[in-house]
Amino acid sequence: MALVERLTFGIFLAPFHQLGENPTLALERDLELLQWLDRLGYDEAWIGEHHSAGWETIASPEVFMATAAERTRHIRLGTGVVSLPYHHPLMVANRLVLLDHLTRGRVMLGVGPGALVTDAHMLGLNPARQREMMDESLTIIKRLLAETEPITYKSDWFELRDALLHLRPYTQPHFPIAVASVQSPAGVELAGKHGAGVLSLSAYAGVRGVVALPEQWKIAEESAALHGNTVDRQEWRLVMPIYLAESRQQAFDEARQGAAAWLQEYFQATLGHALPPDTAPDDLIDVMSENGAWLVGTPDDAIATIERLANISGGFGGLLGLAHEWAPREKILHSYELLARYVMPRYHGSLAGMIGSNAWARSVREELHTQRQEAIEKAHAQYEARQTASR
């Protein structure tokens, strides 16, 4: 198995909230979820940006992250992702640098071209140009973070005149940057060009996405070499839906209806994505789990999935659960707790000492038990001798 020394764990919070629910309470649940993950020791959370379609209701990940930072202590917070064609690059850089200071270095910048075509339509953007716009914007953002001389630059969609960051990054040389990647080579190619991390949402996009992981990383490495950069598998995160319970049957039963509604009502009916053909709604969770797109089961199943993905990919650095609400709230929170209690320690190295100590104690238990009994008998004999002598 090929794994980095310490695997990181977190969530990718789009978020997904079913129509008809109170959106204010839904956002509060998202914040409470991050507080729960912070207490459980999760490493990071990536927060989405969306402006249409009714389900993914966070328009500004930076505003949400600022609120979450005040309620948490340790968890790192990333934009998952800022849709760069929607913003002037100077403003993106300024907002993240401000958050970098306010959080004392807990922020990360995740970028993408924009996931929803309805967002691009409302903003008057040509979807065919969004990836090149993202590339141009990220180039400028990296220059702003690295350079201390004013930058003048004119694009056909933004302009800089003697621009520089008067507030420099808190994190040196700057906060981590990652690029979202789905099925096309554009995301990993851009990550390689800029020496950035990768957020592989293709890990949950079905059989093609999982199998394509080695090829995706190869593209990133080739692009990095072409541009004089390197990419680090430690900064490669795989994203997939996760739901755990004490038994496989329990996990599937609890999440079955919610997972089917999520796929049918949002991805199919709203976004127009195709679902697995000839599959009844109640069987969707089984099909998506069997083809490796979803992780549903027990902590042992989670460990097996991580090792399978490591072998397929050649090694990655982080696993992000795609946040969902397939089951009642208390069961969702319990699923995250099971991952934290029984899966994360295995990949954080925190069990090795205890397992070794326990194995050693078992190996010498008979010898030490005999010595203990001899010591007890000796103490009794000495006591009795003293009592006899004092009479």
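Readers should treat all values here as calculations from the given coordinates under stated rules, not as data from a laboratory. Just so it is clear, the structure is predicted and the values come from calculations on it, not from any experiment. No Cβ is skipped: glycine too gets one built from the backbone with ideal geometry, and neighbour counts run over all protein chains shown.
When only alpha carbons are used to place a centre, the stretch 113-146 and the stretch 339-364 end up 46 Å from one another. At full extension, Gln268 and Gln172 could sit 30.3 nm farther apart than now, given 0.36 nm per residue minus the alpha carbon distance. The alpha carbon radius of gyration of the stretch 8-354, expressed as a multiple of 2.2 N^0.38 Å, is 0.97. Compared with the direct C-alpha span, the chain from Asn22 to Glu147 gains 40.5 nm at full extension, assuming 0.36 nm per residue. Here the Kirkwood formula puts the hydrodynamic radius of the stretch 51-152 at 14.6 Å, using every distinct Cα pair.
For the stretch 194-305, the Kirkwood estimate of hydrodynamic radius, built from reciprocal distances between every pair of different alpha carbons, is 15.6 Å. Annotation: peptides 349-360, 282-293, 260-271, ranked by per-residue average of other Cβ atoms within 10 Å with the highest first, follow the order 282-293, 260-271, 349-360. Comparing Gln268, Val287, Pro89 along the charge dipole axis of the stretch 8-354, the residue lying farthest to the positive side is Pro89, per the Cβ-charge model.
Of the residues Ala26, Ile58, Ile151, the one whose Cα sits farthest toward the positive end of the charge dipole of the stretch 9-168, with +1 on the Cβ of Lys and Arg and -1 on the Cβ of Asp and Glu, is Ile151.
Rounded to the nearest 20, the Cβ-based charge dipole of the chain about its Cα centre (Lys and Arg +1, Asp and Glu -1) stands at 1260 debye.
Put in order of Cβ neighbour count within 10 Å, fewest first, the listed residues Thr148, Thr298 become Thr148, Thr298. Taking Cα atoms, how many degrees apart are the long axis of helix 213-226 and the longest axis of the chain, rounded to 10 and kept between 0 and 90? For helix 213-226, the angle is close to 60 degrees. Annotation: the residues Arg29, Arg365, Arg76, sorted from fewest to most other C-beta atoms within 10 Å of their own C-beta, follow the order Arg365, Arg29, Arg76.
Pairs of Lys residues in the chain are counted when their Cα atoms are under 24 angstrom apart and they lie 8 or more places apart or on different chains; the count is 5. Scanning residues 5 or more positions from Ala163 or on other chains, those with amide H under 5 Å from its amide H are Ile151, Thr152, with H placed 1.01 Å from N in the peptide plane. D by Stokes-Einstein for the stretch 92-216, Kirkwood Rh over Cα pairs, 37 °C, 0.692 mPa s: 206 µm²/s. Relative contact order, whole percent, for the stretch 8-354 stands at 17, derived from Cα pairs under 8 Å and 6 or more residues apart.
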